[in-house]
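The values are calculated or read from the model by the stated rules, or taken from the named source; none is laboratory data. Note that the coordinates shown come from a computational prediction; the quantities given were computed from them, not determined experimentally. With ideal geometry, Cβ positions are generated from the backbone for all residues, glycine too; neighbour counts draw on all protein chains shown. These accessible areas exclude ligands, DNA and RNA; they are computed on the full protein's heavy atoms, side chains included. Shrake-Rupley method; radii C 1.70, N 1.55, O 1.52, S 1.80 Å.
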Amino acid sequence: MYIIYGVTDCPHCLRAQALCMEKDVDYAWVMMDWSSTYRDHIKEKFSWTTYPIITKLDYESGDEELLGGHSELLWFLSDDE
């Protein structure tokens, strides 16, 4: 499952959600609009400064691994893999 950390006025965040729907993959949307403290925490945690911040969740361990942003998700979910 992918976790998309994003803000509502971000076109790349919306594209990432649309891509997950198009590819029929599980994802969760974490809206980052309201808490600047939490936004700063997530940016620091994953060492990523732009939105969206997309992670892949390992169900067994509960760990999240940084995938990247919209471009990285697009590459990762491409049909050419």
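Per residue, the solvent-accessible area of the chain (1.4 Å probe, heavy atoms of protein chains only, all protein chains present) comes to 65 Å².
Estimated at the nearest 10 Å², the accessible area of ASP58 is 70 Å² with a 1.4 Å probe.
Within the accessible area of segment 10-81, the carbon and sulfur atoms contribute 51%, probe 1.4 Å, all protein chains present.
Once the mean of 1/r is taken over each pair of separate Cα atoms and inverted, the chain shows a Kirkwood hydrodynamic radius of 12.8 Å.
Tell me the angle of helix 11-22 to the major Cα principal axis of the chain, expressed in degrees between 0 and 90 and rounded to the nearest ten. With rounding to tens, the tilt is 40 degrees. Measuring from each cysteine beta-carbon in the chain, the ones with no other cysteine beta-carbon under 4.7 angstrom are CYS20.
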